[in-house]
Amino acid sequence: MDNRNAVLVVGADGHVGSALAASLKQRGVRLLGTTRRRGTDGPDRVFLDLASLTESWTPPERVETTFLCAGISGLKPCERDPIETSRVNVRGTVAVARGLVAQGCHVVFLSSNQVFDGDTPNRRADEPVQPRSAYGRTKAEAEALLLALPGDVCVVRFGKILEPAPSLLAGWVADLRAGRPVHPLSDLVIAPVSLGFAVSVLLRVADRRACGVVQVSAEHDISYEAIARHIASKVGADDSLVVPGHSRDARFPQALVPRHTTFDTSRLRGELGLTPPDVWATIDEVVGL
């Protein structure tokens, strides 16, 4: 990225978007962000509601790179309202990208492991997508439409991004230190990277003006039960305080619970020169242990 040119973050209010915007500002980049919160827009913050877009959209000034970080992401909300999810995650997102690509902008789209069925580990970027969830279907559809645009588009698939002190894990730390039991799910797995690492990947993608698909995950999956036991060990709590449950107990549709969330990350490591940290180092980092 050239510091003389503007960079746009669509969804600058979200966890990834706000962290990315902060890093770009530290670089001295001319930054534009979008928000769907009325009254918070201004010279560097443009109001944009993906749910209401029906045509190509362009920002108030020319931008070199755009990060598409906005969208509906919760599995349960997406299942409850697949029409609205598609309106935002597909139609609105592609409408934004279409106008930007036409101006020669490099577009970077954040996607998910949910484009796959979760039956097989280390999925390659060139494998056919097989989404099972409404969220995954919208991500897969958006990927295909974006990659078909006549310009520079990169899809970055993440397994799981953990922000600092995620509420669930921070709550476990507090409970275990106080001698209270925690109830993690034994069959729900993730292959997480930290928010800081995710931002570094996005910046590297933009710096190299990478196109196509880049995949990001830890080397292997860990269950939430294993995470809770790791935290218990770190804080000196009795392991018996970890009382595992099953995703059925949390009313997760069983078809939406993947057995694997890892990707083949060879392009990330080779072409982009970035290696995901050890999964337990990531947990320690985000929890502050």
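What to note about this one:
- Checking each residue in segment 272-289 for being among the hydroxyl-bearing types (S, T, Y) and either under 29 Å from R177 (Cβ atoms) or in contact (Cβ under 8 Å) with a residue 12 or more places away in the chain (or both) picks out only T282.
- For segment 273-286, residues that are in contact with an Asp or Glu (Cβ under 9 Å, 6 or more places away or on another chain), open to solvent by 60 Å² or more (accessible area, probe 1.4 Å) and outside any loop (DSSP other than H, G, I, E, B) total 0.
- Qualifying residue in segment 253-272 (condition: part of a strand (DSSP E or B), under 26 Å from A165 (Cβ atoms) and out of contact with any Asp or Glu (no Cβ under 8 Å at 6 or more places or on another chain)): yes
- None of I190, I161, I222 is open to solvent by 40 Å² or more (accessible area, probe 1.4 Å) and closer than 16 Å to W280 by Cα except I161.
- Selected residue (only one of R259, R269 is without any contact (Cβ under 8 Å) to a residue 60 or more places away in the chain, open to solvent by 10 Å² or more (accessible area, probe 1.4 Å) and under 22 Å from the mean Cα position of the chain (by Cα)): R269
- Among (1) of a type in the set (G, A, S); (2) under 24 Å from L162 (Cβ atoms); (3) in contact (Cβ under 8 Å) with a residue 40 or more places away in the chain, the one test that S56 misses: (2)
- The one condition from (1) at pLDDT 95 or above; (2) open to solvent by 20 Å² or more (accessible area, probe 1.4 Å) that L289 does not meet is (1).
- Residue within segment 174-182 that is under 20 Å from the mean Cα position of the chain (by Cα), without any contact (Cβ under 8 Å) to a residue 60 or more places away in the chain and farther than 27 Å from T120 by Cα present: no
- Just so you know, in segment 54-91 the residues that are closer than 30 Å to F252 by Cα and of a type in the set (D, E, K, R) include one that is most open to solvent (accessible area, probe 1.4 Å), and it is R80.
- Filtered residue count, segment 15-53, keeping only those that are in a loop (DSSP other than H, G, I, E, B) and open to solvent by less than 30 Å² (accessible area, probe 1.4 Å): 3
- Conditions (1) under 30 Å from F252 (Cβ atoms); (2) open to solvent by less than 70 Å² (accessible area, probe 1.4 Å); (3) among the aliphatic types (A, V, I, L, M); number of the one not met by V96: (1)
- Hey, G212 surrounded by fewer than 17 Cβ atoms within 10 Å (Cβ to Cβ), in contact with a helix residue (DSSP H, G or I) (Cβ under 6 Å, 6 or more places away or on another chain) and not charged (D, E, K, R) or not: no
The values are calculated or read from the model by the stated rules, or taken from the named source; none is laboratory data. These numbers were taken from a predicted model, which means no experiment stands behind them. We place every Cβ from the backbone using ideal geometry, glycine too, and count neighbours over all the protein chains shown. These accessible areas exclude ligands, DNA and RNA; they are computed on the full protein's heavy atoms, side chains included. Shrake-Rupley method; radii C 1.70, N 1.55, O 1.52, S 1.80 Å.
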